[in-house]
């Protein structure tokens with residue numbers, strides 16, 4: 001794999017920002033690595049970070065580079081700070097950045113696929129919310145969507161005193177339907193939602209109940225959804241395990257079902 005830390009200017013954010021990217025590389029002499037065959041239009045996974053993280057977190061705390069190499073998968077990890085992947089009420093337009101500008105920049109900089117069936121999005125905690133929001137808002141752009149311990153009920157922010165400043169800065173203390181995953185799912189046209197993978201640890205994670213609720217709603221609407229509620233807490237050991245299963249689950253080009 002090639003590992004790239006890319007610093008670039010965002011017209012939407014009106015400031016310089018960063019992303020970490022891993023790209024497949026066909027090698028013959030590299031010991032201990034067996035990458036998939038080289039393509040000129042790599043399938044791409046947009047992998048989103050959590051509230052306390054940045055664009056380097058997935059690379060630092062998991063073996064995502066090794067997992068992506070084996071799958072022949074490009075991975076794009078952008079920095080969005082503590083934005084909840086939203087156009088902040090009192091800040092920057094991170095939703096417009098990640099949903100509109102970022103894919104164009106990635107397509108201009110790197111040889112990745114622009115086909116929906118080869119484009120995927122996943123994330124953890126705040127990033128799980130962001131991934132699901134992208135998949136439910138733009139279902140025609142993604143072949144699959146995964147959320148790991150996702151903060152899927154943003155209305156909880158308004159009910160937690162320790163997050164009141166965050167809710168005010170990002171949402172101005174009011175969650176619109178366009179930011180509410182349950183409303184987005186309820187309003188989705190039948191048969192349009194891409195396959196979903198909803199995972200969460202079952203041990204002392206306050207995000208477990210809303211994840212179960214969202215998964216049940218998706219199932220009731222006939223969405224193709226995998227639930228992965230396994231023992232674990234809100235931490236990287238769980239996410240390192242789950243992301244391997246997510247990559248195995250992705251409908252990558254050339255991959256056949258068992």
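At-a-glance table
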read-out: Rg(Cα)/(2.2 N^0.38 Å) for segment 2-249, N = residue count; value: 0.97
read-out: Residues of segment 231-248 with amide N under 16 Å of the 7 Å Cα→Cβ point at residue 203; value: 231-242
read-out: Cα gyration tensor shape for segment 84-147, rounded if a/c is under 1.5, else prolate or oblate; value: oblate
read-out: Among 201, 191, 127: highest mean-square fluctuation, GNM of the chain, C-alpha pairs under 10 Å; value: 191
read-out: Peptides 205-212, 65-72 ordered by average Cβ neighbours within 10 Å, highest first; value: 65-72, 205-212
read-out: Inter-probe distance in nm under a simple model that places probes 7 Å from Cα toward Cβ, at residue 249 and residue 96; value: 3.3
read-out: Fewest-first sequence of 5, 96 by Cβ atoms within 10 Å of each Cβ; value: 5, 96
read-out: Packing-based ranking, highest mean first, of 73-79, 225-231 given that Cβ atoms within 10 Å are counted; value: 73-79, 225-231
read-out: Linear extension gain, residue 140 paired with residue 26, 0.36 nm per residue minus alpha-carbon span; value: 38.0 nm
read-out: DSSP-defined antiparallel bridges as percent of all bridges, the chain, nearest 5; value: 35
read-out: FRET efficiency, residue 51 to residue 111 (Cβ-Cβ, R0 51 Å, nearest 0.05); value: 0.95
read-out: Simple spin-label estimate for residue 155 and residue 224 in nanometres, 7 Å along Cα-Cβ; value: 3.0
read-out: Rh by Kirkwood over Cα pairs, then Stokes-Einstein D for segment 41-80 at 0.890 mPa s and 25 °C, µm²/s; value: 233
read-out: 37 °C / 0.692 mPa s Stokes-Einstein diffusion coefficient of segment 124-258, Kirkwood radius on C-alpha pairs, µm²/s; value: 213
read-out: Pairs of alpha carbons in segment 1-141 whose separation is greater than 28 Å (percent); value: 14
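We did not get these values from a lab; they are worked out from the coordinates using the rules stated. Not measured: the values here are computed from a predicted model. Don't worry about glycine lacking a Cβ; one is built from the backbone with ideal geometry, like all the others, and counts go over all protein chains shown.
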